[in-house]
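Accompanying notes for the structure given below.
Bear in mind that the values in this text are calculations on the coordinates, not laboratory data. These figures come from a predicted structure and were not determined experimentally. No Cβ is skipped: glycine too gets one built from the backbone with ideal geometry, and neighbour counts run over all protein chains shown.
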């Protein structure tokens with residue numbers, strides 16, 4: 001089961017990164033074109049939010065079923081922090097990605113409170129962009145889809 005969830009988490013990441021990029025580019029287009037914020041813009045941002053949340057749920061499942069977590073429990077936290085691979089997989093990757101998802105969620109929430117189209121696009125653009133950058137910064141590229 002762990003291997004299946006790991007594969008799903010890896011493939012879902014492609015979709016999540018892609019739809020986040022689409023939402024960011026759509027918002028940039030809305031800002032630069034001074035376009036009205038329409039239902040389609042809302043749907044794109046919402047789909048990106050849903051994909052990001054699904055990705056983090058898959059990540060939580062992986063984290064708590066990971067053989068690395070069992071090893072970390074046996075060896076202790078000082079060993080985890082001393083091993084760069086374990087530190088990345090058990091501390092840096094999950095923590096940074098949780099922060100990224102929180103920022104994306106804040107972007108969604110703040111856009112709903114904004115009244116002007118430009119403000120809505122800006123909230124989505126900046127917070128989704130920061131979230132995407134954080135996600136990209138902690139992807140274990142050497143492990144991805146191997």
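Below is a table of values for the structure above.
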{"read-out": "In degrees, nearest ten, helix 117-137 long axis to first principal axis of the chain (Cα)", "value": "20"}
{"read-out": "The chain - Rg (one decimal) and Dmax (whole number), Cα, Å", "value": "17.2, 56"}
{"read-out": "Inter-probe distance in nm under a simple model that places probes 7 Å from Cα toward Cβ, at residue 5 and residue 46", "value": "2.9"}
{"read-out": "Cβ-derived FRET efficiency at R0 25 Å, residue 137 paired with residue 34, nearest 0.05", "value": "0.20"}
{"read-out": "By average C-beta atoms within 10 angstrom, highest first, the peptides 28-35, 130-137", "value": "130-137, 28-35"}
